[in-house]
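**Q** One structure coming up, written as structure tokens, with questions to follow.
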Amino acid sequence: MEKSSRILTLNYFIVLSFLIFITLLTAIISLFIGSAEISVSDFIKIFYSGGSSENIRNIIFEIRLPRILLALAVGGGLSVAGAAFQALLMNALAEPYILGISSGGTFGAILAVLLGLNFIFIQFFSFAGSLLIVSLVFVISQKFGVISPNSMILSGVMIGAFFSSLILVLVNYLDSSFRSAIFWLLGSLSMADKYSVYSVFAIVLVLVSILIFFSPRMNLLSLGEEQAFHLGVNVKQSRALIYIIASLIVGSLVSVSGIIGFVGLIVPHTTRLIFGSDNRKVLPFSFFVGAIFILISDIISRTLFQPTEIPIGAVTAFIGSPVFIYLLKSRN
């Protein structure tokens, strides 16, 4: 038994190390790809006196590196949040985009744009919009003090649709900010300044670590409320806590990237297919698989129609929509 446990632990760290390596490799490749070509020698020269030009230095440290960090946060954060929602609600179709949390954040962001507020207030309004959705879903889905997973999904879908209609109303009143609103609706990694990226990256890492810490409890919750309760889990408290933390991750990310849909759906599902359904593996593995997915999607969005950049949300939706239809059909 002890030998078997050691083998499982060793396999876990081998897979985790491999995913970290692929993530770093993809990030390095992303650093050199774009409308402005940067060679390895240009990058090396930066660290020597009299080296590469100031323009190349700015492209790397002011644009591409912050963008890579944001891609890691968005891909990893949304994937872990999606995995948590799916484990919590025992439904493979649950994810931030479908549950309406992303719509709430986008509504807040576009409202701030309409009011002419600066980026800090846009982040705050987006965060508040996501929390508003969370509160409404909790209130509506409760029945006799008990929260039903199916009710939470239906409530999230309906509230998300309502806020999506409000977003379309707000867009009609935008003029010069219309392009910014479209990027919020479709998702983009080009809107945030580097200081916002660093703060969001740190927040997401902390919240993701908390969810990974709760992954054993998610395994128990996935057995059903009654069994989880008999195994010593405070079902109501645990469900609320995990839901709120996952929603905070989404709210933080939407505030800087807009709606990037289907990441929280297809990445956890793919991770489960490859590595099994144990949430102690699914959550940390999903972080790196999601980061790789968004890094690759970002490369596509920046290079497919150079010099024009397409929103990354369009790329993830193009990939995610067929996967969503497949999951829906397979469940039926």
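Read the figures in this text as sums done on the coordinates, not as results from a lab. As the structure is a computational prediction, the values presented were derived from the model and not from experiment. Neighbour counts are summed over all protein chains in view; Cβ atoms, including those assigned to glycine, are modelled from backbone coordinates with ideal geometry.
**Q** If each residue of separation counts as 0.36 nm, what is the full-extension length gain between Ile33 and Phe18 once their alpha-carbon separation is subtracted?
**A** Gain in length upon complete extension: 3.1 nm.
**Q** For Ser238, Ser41, Ser135, what ranking results if the residue with the fewest other Cβ atoms within 10 Å of its Cβ goes first?
**A** Sorted ascending by nearby Cβ count, the order is Ser41, Ser135, Ser238.
**Q** Give me the number: length gained by fully extending Gln237 to Leu154, i.e. 0.36 nm times residue separation minus the C-alpha to C-alpha distance, one decimal in nm.
**A** In short, 27.8 nm is gained.
**Q** Note down the relative contact order for the chain as a percent, whole number, built from C-alpha pairs under 8 angstrom at least six residues apart.
**A** Computed value for the chain: 30 percent relative contact order.
**Q** Could you check the spin-label model distance between Phe121 and Leu273? Points 7 Å from the Cα along Cα→Cβ, value in nm.
**A** Here the modelled spin labels are 4.6 nm apart.
**Q** Please report, ordered by residue number, every helix of the chain (full DSSP H runs) that is 27 Å or longer along its axis going by C-alpha atoms and whose mean Kyte-Doolittle hydropathy reaches 1.0.
**A** Helices passing the filter in the chain: 2-32, 65-89, 119-141, 149-171, 194-213, 235-257, 279-303, 312-331.
**Q** Pick from Ala81, Ala291, Ala27 the residue whose mean-square fluctuation is largest in a GNM of the chain, springs joining Cα atoms under 10 Å.
**A** Fluctuation is largest for Ala27.
**Q** Moving on to the next point. Sorted from fewest to most neighbouring beta carbons within 10 Å, what does the list Thr9, Thr270, Thr316 look like?
**A** Fewest-to-most Cβ neighbours within 10 Å comes out as Thr9, Thr270, Thr316.
**Q** Under a 10 Å cutoff between Cα atoms, tell me which one of Ala87, Ala202, Ala73 has the largest fluctuation in the Gaussian network model of the chain.
**A** Fluctuation is largest for Ala202.
**Q** Starting with the fewest neighbours, write out Asp278, Asp193, Asp298 ranked by other beta-carbon atoms found within 10 Å of each beta-carbon.
**A** Asp193, Asp278, Asp298
**Q** Testing the spin-label approximation: label points 7 Å from Cα along Cα→Cβ at Val40 and Phe318. State their distance in nm.
**A** About 3.0 nm, to one decimal.
**Q** First measure r as the distance between the Cβ atoms of Glu226 and Leu114, then evaluate 1/(1 + (r/R0)^6) with R0 = 41 Å and state the FRET efficiency to the nearest 0.05.
**A** About 0.30, to the nearest 0.05.
**Q** If we count chymotrypsin sites (Phe, Trp or Tyr not before Pro) as exposed when they sit in a DSSP loop and have at most 14 other beta carbons within 10 Å, what is the longest stretch of the chain that avoids them all?
**A** That would be 174-332.
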